[in-house]
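Report on one structure; see the data block that follows.
The values are calculated or read from the model by the stated rules, or taken from the named source; none is laboratory data. As the structure is a prediction and not an experimental result, all values here were calculated from the model. Ideal geometry is used to build each Cβ from the backbone, glycine not excepted, and the neighbour counts take in all protein chains shown.
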Amino acid sequence: MRARKRLALSAAAWLLPTMFIRRNLEPVDFVFVCHPRDVVDIGKRFPSVKYFPETLIVRLFDKLWPIPVCPLEFVLANGSRCVGVMIAVPSTAQMLLADRERAKKKFLSAVQLADRMGAKIVCLGGLSGSLTDGGQFILSKGVKCNVTTGHSFTVATLIETIRKACETRHLRLNEARLAVVGACGSIGAACCRWLLREEKINQLILIDLKEEALAKLKGELAGDQGLTLRISTDLNSLQDADIVVVATNNPNLIIQPDHLRSGSIVIDDAQPPNVSPAGLNTKGILLAWGGVR
């Protein structure tokens with residue numbers, strides 16, 4: 001009953017006055033903003049769409065604005081309840097990246113909906129953080145709720161995954177040659193800083209499409225003595241890496257087995273994934289997923 005009431009609240013939030021909603025319906029503590037990775041994800045939530053051509057599904061869902069899709073509830077250690085709603089921007093990664101300005105407005109609309117529902121905090125999932133400048137675009141529009149991207153948690157889980165993968169391969173992390181694809185992004189850059197400061201790695205390859213941003217990041221990181229630091233815009237540079245961390249917002253399988261060194265470790269944090277799994281076993285490559293998958 002509570003779950004249905006929360007979804008009713010979510011639906012009503014578009015139409016009813018904010019004061020009415022907050023006085024007469026149970027408010028939520030938090031909202032998680034998400035989006036489907038691809039058309040397959042849309043089909044998981046709305047099974048009936050499988051009977052329609054993919055082009056029609058894309059056109060239909062790209063016209064929709066944020067919709068509540070799932071109630072959420074946690075019981076805290078002190079026994080109190082923490083209730084929330086998941087709000088989906090029903091556009092795939094491809095759709096969002098095709099028109100970034102429109103994507104910003106869609107994510108802003110989702111957070112404004114959360115505001116009307118009385119949410120104290122909004123978590124930006126998927127591409128919603130990176131496409132809104134780490135949430136800064138949303139905050140600049142005067143929303144009342146607190147906004148978090150979860151990027152710090154993603155970096156922490158990435159580092160933990162790297163450590164476990166190294167244990168599996170009996171590889172000392174601080175002696176490995178490590179490459180970060182998408183190094184200039186918020187997650188990639190934070191990962192580089194952590195690896196240098198806490199893991200004391202001394203061989204790092206920064207890979208990104210933006211040469212100017214790469215040069216700036218290299219200048220920031222190059223102060224560490226004994227560090228061998230390279231920058232590149234070419235994915236073939238991954239042939240020199242023992243460990244590859246992938247943290248881009250590209251929605252395609254941009255990394256193929258031929259880009260990678262035999263026996264290397266690859267941690268793919270991108271959603272949708274950037275690393276093609278086909279043929280990795282034949283080269284002895286260990287593929288793991290970063291963040292939460």
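Residues in region 204-220: is at least one of a type in the set (V, I, T) and either in contact (Cβ under 8 Å) with a residue 40 or more places away in the chain or in contact with a Phe, Trp or Tyr (Cβ under 8 Å, 6 or more places away or on another chain) (or both)? Taking every residue of region 204-220 in turn, none turns out to be of a type in the set (V, I, T) and either in contact (Cβ under 8 Å) with a residue 40 or more places away in the chain or in contact with a Phe, Trp or Tyr (Cβ under 8 Å, 6 or more places away or on another chain) (or both). Considering only residues that are hydrophobic (A, V, I, L, M, F, W, C) and either touching a His at 6+ places or on another chain (Cβ under 6 Å) or over 21 Å from M95 (Cα atoms) (or both), which ones fall in region 256-293? L260, I265, V266, I267, A278, L280, I285, L286, L287, A288, W289, V292, listed by residue number. When you look at R261, is it in contact with a strand residue (DSSP E or B) (Cβ under 9 Å, 6 or more places away or on another chain) and in a loop (DSSP other than H, G, I, E, B), yes or no? In short, yes.
Out of A247, A165, one residue alone is surrounded by 13 or more Cβ atoms within 10 Å (Cβ to Cβ) and touching a helix residue (DSSP H, G or I) at 6+ places or on another chain (Cβ under 8 Å). It is A247.
Restricting attention to region 217-235 and to residues that are within 25 Å of D133 (Cα to Cα) and surrounded by 14 or more Cβ atoms within 10 Å (Cβ to Cβ), the residue that is nearest to the chain's Cα centre (by Cα) turns out to be L217.
Please specify each residue of region 247-258 satisfying the condition of being within 17 Å of C192 (Cβ to Cβ) and either touching an Asp or Glu at 6+ places or on another chain (Cβ under 7 Å) or part of a strand (DSSP E or B) (or both). Matches in region 247-258: A247 only.
For region 265-290, taking the residues that are without any contact (Cβ under 8 Å) to a residue 24 or more places away in the chain and in a loop (DSSP other than H, G, I, E, B), the one that is surrounded by the most Cβ atoms within 10 Å (Cβ to Cβ) is identified as P273.
Considering region 27-46, and only residues there that are more than 11 Å from G84 (Cα to Cα) and charged (D, E, K, R), the residue that is modelled with the lowest pLDDT turns out to be R45. In this structure, is T132 of a type outside the set (A, V, I, L, M, F, W, C), at pLDDT 90 or above and assigned by TED's automatic domain parsing to the domain that holds V33? It is true that T132 is of a type outside the set (A, V, I, L, M, F, W, C), at pLDDT 90 or above and assigned by TED's automatic domain parsing to the domain that holds V33. Going by what's in this entry, would L206 be described as assigned to a strand (DSSP E or B), touching a helix residue (DSSP H, G or I) at 6+ places or on another chain (Cβ under 6 Å) and not assigned by TED's automatic domain parsing to the domain that holds G126? Judged against the criteria, L206 is a match.
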